[in-house]
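First comes the structure, then the notes that go with it.
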Amino acid sequence: MTESALVRWADYDAALFDLDGVLTPTAEVHMRAWAALFTSYLSAHQISPPYTDADYFAYVDGKPRYDGVRTLLASRGVTLPEGDPSDPPTAETVCGLGNRKNAEFEHELAAHGVAAYPGSVALLDHLATLPIGLAVVSSSVNAPAVLAAAGIADRFPVVVDGAVALDHGLPGKPAPDTYAFAAKQLGTDDAHAIVIEDAVSGVQAGAAGDFGLVIGVDRGAGRQTLLDHGADVVVADLGELV
Ligand SMILES: [Mg+2]
């Protein structure tokens, strides 16, 4: 059986896409920005073990920014004051460190731009011919900027990003609430919506919400890991599902 035979798009009302790592290769940009932050922070404070990409997948990937900071620090037995989102990037707080990472991300995005994955665009083109609602569900507050930079903003009538989640008091991934909110915005329920995710926290969100189908996209988290945490189907590229 081919992968495309595993997904009958016509059976669903909505396709809910994570952004970073699913539609655009910005997971790599986030990954580099987190590495820049934690490599220097842990070494400056002589905290071991040093930061590696495995930490990114285990503790940070897909989560709201400050949750990522707090979780990674906890893995090293470190607790910092929470601080405030208005903290400068120099502040030694959870928010300050998160803002330091975001400054790094924005710098990289401005310097290099971003292009959507061709396979993902091929799938979006295909879905545009079907009566299926499309949404982006991202923990990032940078989602609108990334969608615009990649030239795919007009494909999505609904975008639930970090700012929308905050406005509506929705807990971030791995909680299912942001995905459920997007399904509702598209006029359907969880059972008739497909969640498409590359992060462990994201497929966990899909599994927690009883969605119709959870598609994992393996960009490094690992096929079996995504299956173990809630993906029903895993592909290497969304072009396989056209
Ligand atoms: Mg992602």
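Assess whether THR26 counts as being modelled with pLDDT under 90, surrounded by 15 or more Cβ atoms within 10 Å (Cβ to Cβ) and among the polar types (S, T, N, Q). Yes, satisfied.
Screening the range 47-133 for helices (runs of 4 or more DSSP H) wholly inside it with 2 or more residues that are out of contact with any strand residue (DSSP E or B) (no Cβ under 9 Å at 6 or more places or on another chain) and basic (Lys, Arg) returns the ranges 65-75, 94-112.
The set of residues in the range 213-242 that are among the small types (Gly, Ala, Ser), touching a residue at least 24 places away in the same chain (Cβ under 8 Å), on the phi < 0 side of the Ramachandran plot and within 14 Å of the ligand (Cβ to nearest atom) comprises ALA221, ALA231. Scanning the range 5-31 for residues that are charged (D, E, K, R) and either near the ligand (Cβ under 10 Å from one of its atoms) or part of a strand (DSSP E or B) (or both) gives ASP18, ASP20. For the range 169-181, does any single residue satisfy the condition of being hydrophobic (A, V, I, L, M, F, W, C), away from the ligand (no atom under 16 Å from the Cβ) and modelled with pLDDT under 95? For the range 169-181, residues hydrophobic (A, V, I, L, M, F, W, C), away from the ligand (no atom under 16 Å from the Cβ) and modelled with pLDDT under 95: absent.
Just one of the numbered conditions (1) modelled with pLDDT of 95 or more; (2) surrounded by fewer than 17 Cβ atoms within 10 Å (Cβ to Cβ) is not true of MET1: (1). Of the conditions (1) without any contact (Cβ under 8 Å) to a residue 60 or more places away in the chain; (2) hydrophobic (A, V, I, L, M, F, W, C); (3) within 14 Å of the ligand (Cβ to nearest atom), ALA208 satisfies every one except a single condition; which number is it? Every listed condition holds for ALA208 apart from (3). Consider the range 56-66 and keep the residues that are in contact with a Lys or Arg (Cβ under 9 Å, 6 or more places away or on another chain) and of a type in the set (D, E, K, R). The one that is nearest to the ligand (Cβ to nearest atom) is LYS63. Could you tell me whether THR71 is outside the structural domain of ASP198 (by TED's automatic domain parsing) and more than 24 Å from the chain's Cα centre (by Cα)? Considered against the rule, which asks whether it is outside the structural domain of ASP198 (by TED's automatic domain parsing) and more than 24 Å from the chain's Cα centre (by Cα), THR71 comes out as no.
The rows are residues; the columns are (1) surrounded by 14 or more Cβ atoms within 10 Å (Cβ to Cβ); (2) assigned by TED's automatic domain parsing to the domain that holds PRO88.
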site	(1), (2)
GLU108	yes, yes
GLY133	yes, no
VAL136	yes, no
PRO157	no, no
ASP167	no, no
PRO171	no, no
PRO174	yes, no
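The set of residues in the range 189-242 being basic (Lys, Arg) and either modelled with pLDDT of 95 or more or in a helix (DSSP H, G or I) (or both) consists of ARG223 alone. Within the range 164-188, being closer than 22 Å to LEU127 by Cα and assigned to a loop (DSSP other than H, G, I, E, B) holds for LEU186, GLY187, THR188.
Looking only at the range 187-199, decide whether some residue is in contact (Cβ under 8 Å) with a residue 12 or more places away in the chain, surrounded by fewer than 22 Cβ atoms within 10 Å (Cβ to Cβ) and of a type in the set (Val, Ile, Thr). Yes. Scanning the range 153-163 for residues that are in contact with a Ser or Thr (Cβ under 8 Å, 6 or more places away or on another chain) and in a loop (DSSP other than H, G, I, E, B) yields a single hit, ASP161.
The values are calculated or read from the model by the stated rules, or taken from the named source; none is laboratory data. If you're wondering where the values come from, they're calculated on a predicted model, not measured in any experiment. In this analysis, Cβ positions are derived from the backbone assuming ideal geometry, glycine residues included, and neighbour counts consider all displayed protein chains.
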